[in-house]
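As structure tokens, the structure follows; a few thoughts come after it.
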Amino acid sequence: MKSKTSLILAFETSCDETSVAVIRDGRKVLANEVATQIKSHQRFGGVVPEVASRHHIEQITICLEQALQTAQVDYADLSAVAVTYGPGLVGSLLVGVTAAKTVAWAHHLPLLPVNHIAGHIYAAQFVQPIKFPAMALVVSGGHTELVWMPAENQFEIIGETRDDAVGETYDKVGRTMGLAYPAGPQVDQLAQQGQDTFAFPRAMQDEAGYDFSFSGLKSSFINRVHHAEQVHEQLSQVDLAASFQAAAVDVLVDKTVRALHEYPAQQLILAGGVAANHELRQRLASAVANQVRLVMAPAQFCGDNAAMIGAAGWMLEKHQVRADLDLNANPSLEFERIQLKKH
Ligand code: KG4
Ligand code: ZN
């Protein structure tokens with residue numbers, strides 16, 4: 001007879017990381033193999049979908065075997081298979097979904113369909129169990145949203161970006177500065193050495209509601225750099241980075257603090273690739289210190305990885321949410337957007 005221990009094999013292939021993990025009881029990472037493709041995409045300045053899916057196909061079996069070996073588990077020990085089925089690049093998602101369905105079918109295991117953003121949020125479980133109701137600020141390459149979670153497995157978007165995601169903005173701004181993709185971590189490093197001297201706009205900071213906009217900040221930054229090039233003016237790279245980062249972080253922190261006044265969260269979760277940002281972590285921690293407990297995933301679980309998919313899969317396993325073997329990739333999978341109360 002199988003023990004009651006949950007042992008989930010998890011797959012993540014939504015973008016440019018091929019990852020397979022083994023997670024015990026939702027919180028203990030036994031293995032988390034991540035094969036990154038960043039080098040292949042760098043020369044194009046961003047992710048090329050066809051190149052990404054080809055790499056996933058090459059890497060998925062290698063990551064799977066390595067994860068099982070590192071975790072020292074066999075297929076017979078597993079309780080379920082979790083997989084990201086959206087949102088993301090369709091060709092990339094399909095590689096993970098097909099691998100997960102194959103293992104689930106061959107070994108008679110339940111298949112757990114995980115939303116990639118739920119995965120980012122549940123990475124917080126590696127720090128401590130989540131207390132509900134909770135609020136999450138999700139900041140990644142493709143998403144910027146405030147997610148209200150009244151209970152386990154319930155997600156409602158109360159605010160989101162109307163244009164560019166904050167990670168995408170970091171990458172574009174970094175590209176303008178001549179930095180390699182993905183530029184977020186380098187802009188973050190430079191910003192720590194500079195001063196906020198450029199007065200870039202804080203879009204929608206004073207507007208009601210919790211939506212964000214980063215395209216104005218991006219254009220303002222690019223225009224300033226191009227103008228300087230035309231007039232042969234030398235701009236300080238570190239001050240540029242610091243000014244951009246201050247503008248982006250100001251808006252993220254202000255909106256989140258305001259949302260916490262309206263929504264009675266027990267915890268605030270900072271999630272997604274940009275959650276690794278030093279200034280965002282520090283500023284958010286001090287801004288909400290008297291309001292709510294802030295939980296941030298350890299930096300190695302902020303970027304895309306299968307461990308977080310295993311953590312989210314465990315929540316589905318607990319509630320007996322399963323997918324059939326006809327599960328398909330859903331590139332535009334979204335949480336529900338709720339109507340806000342009048343302000
Ligand atoms: O969550 P993620 O790994 O992939 C998506 O699901 O999009 O996020 C990747 C994004 C990239 O845009 C990257 O530049 C950004 O996260 N990023 C950062 C930092 N580390 C990663 N942005 C700002 N500061 C960082 N330290
Ligand atoms: Zn992600």
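Quick one: which residue in ASP188, ASP171, ASP164 is acidic (Asp, Glu), part of a loop (DSSP other than H, G, I, E, B), in the same structural domain as ALA247 (by TED's automatic domain parsing) and within 13 Å of ligand 1 (Cβ to nearest atom)?
Just one listed residue meets the conditions, ASP164.
Consider the stretch 264-292. How many of its residues are more than 13 Å from ligand 1 (Cβ to nearest atom) and either within 23 Å of ILE23 (Cβ to Cβ) or among the polar types (S, T, N, Q) (or both)?
6
Among (1) outside any loop (DSSP other than H, G, I, E, B); (2) away from ligand 2 (no atom under 16 Å from the Cβ); (3) touching a helix residue (DSSP H, G or I) at 6+ places or on another chain (Cβ under 6 Å), which single condition is GLY159 missing?
Of everything listed in (1) outside any loop (DSSP other than H, G, I, E, B); (2) away from ligand 2 (no atom under 16 Å from the Cβ); (3) touching a helix residue (DSSP H, G or I) at 6+ places or on another chain (Cβ under 6 Å), GLY159 misses just condition (3).
So which residues in the stretch 106-162 are over 10 Å from the mean Cα position of the chain (by Cα) and small (Gly, Ala, Ser), if there are any at all?
Those that are over 10 Å from the mean Cα position of the chain (by Cα) and small (Gly, Ala, Ser): ALA106, ALA124, ALA134, ALA136, ALA151, GLY159.
Let's see how each residue does on (1) in contact (Cβ under 8 Å) with a residue 24 or more places away in the chain; (2) farther than 30 Å from PRO264 by Cα; (3) among the polar types (S, T, N, Q):
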position: LEU146; (1), (2), (3): yes, no, no
position: ASN153; (1), (2), (3): yes, no, yes
position: LEU179; (1), (2), (3): no, yes, no
position: PRO182; (1), (2), (3): yes, yes, no
position: ALA191; (1), (2), (3): yes, yes, no
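Working only within the stretch 253-304, note down all residues that are in contact with a helix residue (DSSP H, G or I) (Cβ under 7 Å, 6 or more places away or on another chain), closer than 19 Å to HIS120 by Cβ and surrounded by fewer than 16 Cβ atoms within 10 Å (Cβ to Cβ).
Hits for the stretch 253-304 are HIS278, PRO298, ALA299.
What residue, of ALA265, ALA306, ALA259, is closer than 30 Å to LEU68 by Cβ and hydrophobic (A, V, I, L, M, F, W, C)?
Unique residue meeting the criteria: ALA306.
Exactly one of these conditions fails for VAL114: (1) more than 16 Å from ligand 1 (Cβ to nearest atom); (2) under 25 Å from ARG27 (Cβ atoms); (3) hydrophobic (A, V, I, L, M, F, W, C). Give me its number.
Result: VAL114 fails condition (1) only.
Can you list the helices (runs of 4 or more DSSP H) found entirely within the stretch 1-106 that contain at least 2 residues being in contact with a strand residue (DSSP E or B) (Cβ under 7 Å, 6 or more places away or on another chain)?
Once the helices (runs of 4 or more DSSP H) in the stretch 1-106 are filtered for at least 2 residues that are in contact with a strand residue (DSSP E or B) (Cβ under 7 Å, 6 or more places away or on another chain), what remains is 49-71, 90-106.
So which residues in the stretch 25-34 are touching a Ser or Thr at 6+ places or on another chain (Cβ under 9 Å) and buried (at least 18 other Cβ atoms within 10 Å of the Cβ), if there are any at all?
GLY26, LEU30, ALA31, ASN32, GLU33, VAL34
Can you tell me which residue among LEU78, LEU89 is at negative phi, touching a residue at least 40 places away in the same chain (Cβ under 8 Å) and either away from ligand 2 (no atom under 16 Å from the Cβ) or small (Gly, Ala, Ser) (or both)?
LEU78
Would you check which residues across the stretch 292-307 are assigned to a loop (DSSP other than H, G, I, E, B) and either within 15 Å of ligand 2 (Cβ to nearest atom) or more than 30 Å from THR13 (Cβ to Cβ) (or both) and list them? Steps first, answer last, please.
Initial filter on the stretch 292-307 (assigned to a loop (DSSP other than H, G, I, E, B)): 292, 297-298, 302-305.
Passing the criteria: VAL292, ALA297, CYS302, GLY303, ASP304, ASN305.
Being more than 16 Å from ligand 1 (Cβ to nearest atom), in a loop (DSSP other than H, G, I, E, B) and not acidic (Asp, Glu) is the filter here, so list the residues in the stretch 119-154 that pass it.
VAL127, GLN128, PRO129, ILE130, LYS131, PHE132, PRO133, PRO150, ALA151, ASN153, GLN154 - these are the residues of the stretch 119-154 that are more than 16 Å from ligand 1 (Cβ to nearest atom), in a loop (DSSP other than H, G, I, E, B) and not acidic (Asp, Glu).
Only one of VAL73, VAL51, VAL47, VAL83 is at pLDDT 90 or above and either over 27 Å from GLN125 (Cα atoms) or surrounded by 18 or more Cβ atoms within 10 Å (Cβ to Cβ) (or both). Can you tell me which?
VAL83 is the lone residue from the list that is at pLDDT 90 or above and either over 27 Å from GLN125 (Cα atoms) or surrounded by 18 or more Cβ atoms within 10 Å (Cβ to Cβ) (or both).
The values are calculated or read from the model by the stated rules, or taken from the named source; none is laboratory data. Model, not experiment: these values are computed from the prediction. Note: ideal-geometry Cβ built from the backbone for every residue, glycine included; neighbour counts use all protein chains shown.
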